[in-house]
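Each remark here refers to the structure printed beneath this line.
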Amino acid sequence: MNNILEVNALKKDFGTFRIDNVNFSLQEGCITGFIGINGAGKTTIIKSILGLVIKDSGSIKLFGKEIDKNERELKNRIGVVLDEGYFYENMTMSEMKSIIATAYSKWDESVFKSYIESFKLKLNQKISTLSKGMRMKYGIALALSHHADLLIMDEPTSGLDPLVRSELMDIILDFIKEYGKSVFFSTHITSDLDKVADVLILIDKGKIMLSEEKDILLDTHGLVKGDKNVLNDHTRKLFLSLNETEYGFEGITKQKTSVREQMNGVLIERPTIENIMLAYIGAK
Amino acid sequence: MLFSLVKKDFILGKNYLLILLVFAVVGPIYMTTAINFSSGGFLNFFPIALLIEFMLIGTVSMAEDKYRGSTLLCTTPYTRNSLVKARYIFILIIFFCNYIIYTIMTFVVPIGIDKLDVFTLGISLLFLIVFFGISMPIEYRFGYEKMKYISLCIIMLFFFVVPNIVKWLISNNIRFKISIPFSPIIQNLFPYVLALVIGLISMSLSIGIYSKKNL
């Protein structure tokens with residue numbers, strides 16, 4: 001599989017916060033979930049990829065080409081949905097669309113209209129009167145109406161109800177069915193990724209903690225539960241995170257085989273993405 | 001592409017276009033009666049044009065500051081350069097719209113509003129470009145909020161103080177005459193060329209500032 005996006009040695013220092021030597025790549029045809037807690041650096045990295053934040057150093061390649069040197073050509077192939085929308089709210093959806101559409105060489109008005117119809121939006125409605133879910137749908141319609149190859153979304157499900165979130169995940173799954181399409185979206189709502197993600201990238205405090213296929217991640221890690229008496233200095237080292245209570249313990253391990261061998265009577269379950277995320281970022 | 005971005009600015013300012021149109025019509029009449037002195041049309045035209053530009057650009061800048069729509073536009077194939085260029089083109093279009101309305105008023109209104117000759121129009125354009133040539137890079141650097149207070153002071157100063165200064169100069173028989181030792185054609189073209197140079201320098205500065213800004 002080709003790498004559709006390659007980020008190498010990305011650095012950005014804001015003084016109070018820093019993105020430090022970030023390296024990752026996205027594979028073509030995959031849905032990559034970019035997870036981390038609030039303030040981890042997800043939005044900063046996405047904005048750096050899009051050229052909204054000026055990086056201090058590093059290279060960003062899209063479809064094998066440096067984005068700095070091929071900006072117009074590459075942005076024609078990306079659809080973007082930002083968390084805050086960044087729409088001119090005193091405009092109608094139709095007015096906003098008329099400005100966005102002319103930027104793209106492959107804008108497809110029929111595709112846009114079909115999305116608007118299926119989302120039950122009215123183009124003459126002012127953007128300021130839209131609910132959060134409607135704005136997200138409108139953003140999706142704009143992002144998917146120019147035959148983009150890569151869909152980048154920053155916290156698209158933030159603040160949305162479960163029904164709309166589920167609809168969005170279905171839209172993403174529909175989009176990815178077409179050959180050569182890829183999706184990259186950031187979220188701190190890990191349950192969304194359980195449904196759709198192929199690859200997970202975890203970021204914390206401006207650093208990439210892991211980048212792995214979701215199924216491999218879930219297979220290689222285990223949620224271990226058992227009695228406290230099996231814990232000692234040696235067995236504690238087998239865990240990425242450990243939560244001990246009066247009655248027992250619960251922990252995440254990447255060494256399931258060793259745990260089985262050294263700790264009798266414990267239960268090893270399949271963890272959730274949230275369990276793994278919290279284990280890596282050091283929370284209980 | 002630039003056309004859509006200029007259209008964007010018109011849409012952002014559309015709520016005030018009608019009021020400013022009325023002002024463009026009424027303003028020269030007021031200035032003619034207030035000054036009661038022939039300045040070749042400069043003092044009848046320029047303060048009005050500057051105020052209209054200031055209010056319209058201010059409205060657009062305020063909307064940009066509030067909604068940050070240019071952030072989304074920068075994720076599209078629109079470049080930051082084109083966003084800046086479109087703003088300068090918008091300023092020029094508004095100026096020439098003002099000129100057209102003023103010229104119509106000189107023919108329509110019976111009180112004798114001075115017609116603008118080529119040289120006076122050029123001087124007006126030059127002064128406008130100097131004003132926005134300084135304020136636009138400052139706005140791109142420091143933001144609309146800080147810039148608006150400075151701009152407002154300068155505008156008010158020009159609008160209310162300058163006519164009184166002119167009246168004083170006239171009453172004391174003080175006149176300024178600058179002669180450029182070239183043919184009339186060159187003299188007429190000179191302010192336009194200077195305005196173009198200053199405008200291009202300002203636009204380059206604005207592009208440089210905006211290209212380094214985190215959105």
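The values are calculated or read from the model by the stated rules, or taken from the named source; none is laboratory data. Quick caveat: nothing in here was measured; it's all calculated off a predicted structure. As a convention, Cβ positions derive from the backbone with ideal geometry for all residues, glycine included, and neighbour counts pool all protein chains shown.
Side notes on the structure shown:
- Scanning the stretch A:260-274 for residues that are of a type outside the set (S, T, N, Q) and not in a helix (DSSP H, G or I) turns up A:263, A:265, A:266, A:267, A:268, A:269, A:270, A:271.
- Exclusive hit being surrounded by fewer than 20 Cβ atoms within 10 Å (Cβ to Cβ), touching a residue at least 24 places away in the same chain (Cβ under 8 Å) and either over 20 Å from residue A:177 (Cβ atoms) or not assigned by TED's automatic domain parsing to the domain that holds residue A:186 (or both), set A:105, A:131: A:105
- In the condition set (1) more than 13 Å from every other protein chain (Cβ to nearest Cβ); (2) under 24 Å from the mean Cα position of the chain (by Cα); (3) among the basic types (Lys, Arg), residue A:135 is compliant with all but (1).
- Strands (runs of 3 or more DSSP E) fully within the stretch A:1-84 counting 2 or more residues that are among the hydrophobic types (A, V, I, L, M, F, W, C) and farther than 30 Å from residue A:282 by Cβ: A:78-81
- Any hit, the stretch A:43-65, residues being within 14 Å of another protein chain (Cβ to nearest Cβ), within 30 Å of residue B:12 (Cβ to Cβ), in contact with a Gly (Cβ under 7 Å, 6 or more places away or on another chain) and small (Gly, Ala, Ser): no
- Residue in the stretch B:39-57 that is within 14 Å of chain A (Cβ to nearest Cβ), touching a residue at least 24 places away in the same chain (Cβ under 8 Å), on the phi < 0 side of the Ramachandran plot and part of a helix (DSSP H, G or I) present: no
- Residue ID - surrounded by the most Cβ atoms within 10 Å (Cβ to Cβ), chosen from residues in the stretch A:229-259 that are free of Cβ contacts under 8 Å to residues at least 24 places away in the same chain and in a helix (DSSP H, G or I): A:258
- Looking across the stretch B:204-215 at every residue that is more than 14 Å from chain A (Cβ to nearest Cβ) and of a type in the set (Gly, Ala, Ser), the one that is nearest to residue B:139 (Cα to Cα) is identified as B:206.
- Scanning the stretch A:74-102 for residues that are touching a residue at least 12 places away in the same chain (Cβ under 8 Å) and small (Gly, Ala, Ser) yields A:79, A:85, A:94, A:101.
- Listed by first and then second residue, the pairs linking a residue in the stretch B:188-203 that is closer than 18 Å to residue B:139 by Cβ and aliphatic (A, V, I, L, M) to a residue that is surrounded by fewer than 19 Cβ atoms within 10 Å (Cβ to Cβ) and modelled with pLDDT under 95, with Cβ atoms under 7 Å apart and 6 or more places separating them unless they lie on different chains, are B:198/B:130.
- Yes/no for residue B:142 being modelled with pLDDT under 95, away from chain A (no Cβ under 14 Å), closer than 18 Å to residue B:29 by Cβ and surrounded by fewer than 17 Cβ atoms within 10 Å (Cβ to Cβ): no
- Filter pass, residue B:75 being without any contact (Cβ under 8 Å) to a residue 60 or more places away in the chain, under 18 Å from the mean Cα position of the chain (by Cα), within 14 Å of chain A (Cβ to nearest Cβ) and surrounded by 17 or more Cβ atoms within 10 Å (Cβ to Cβ): no
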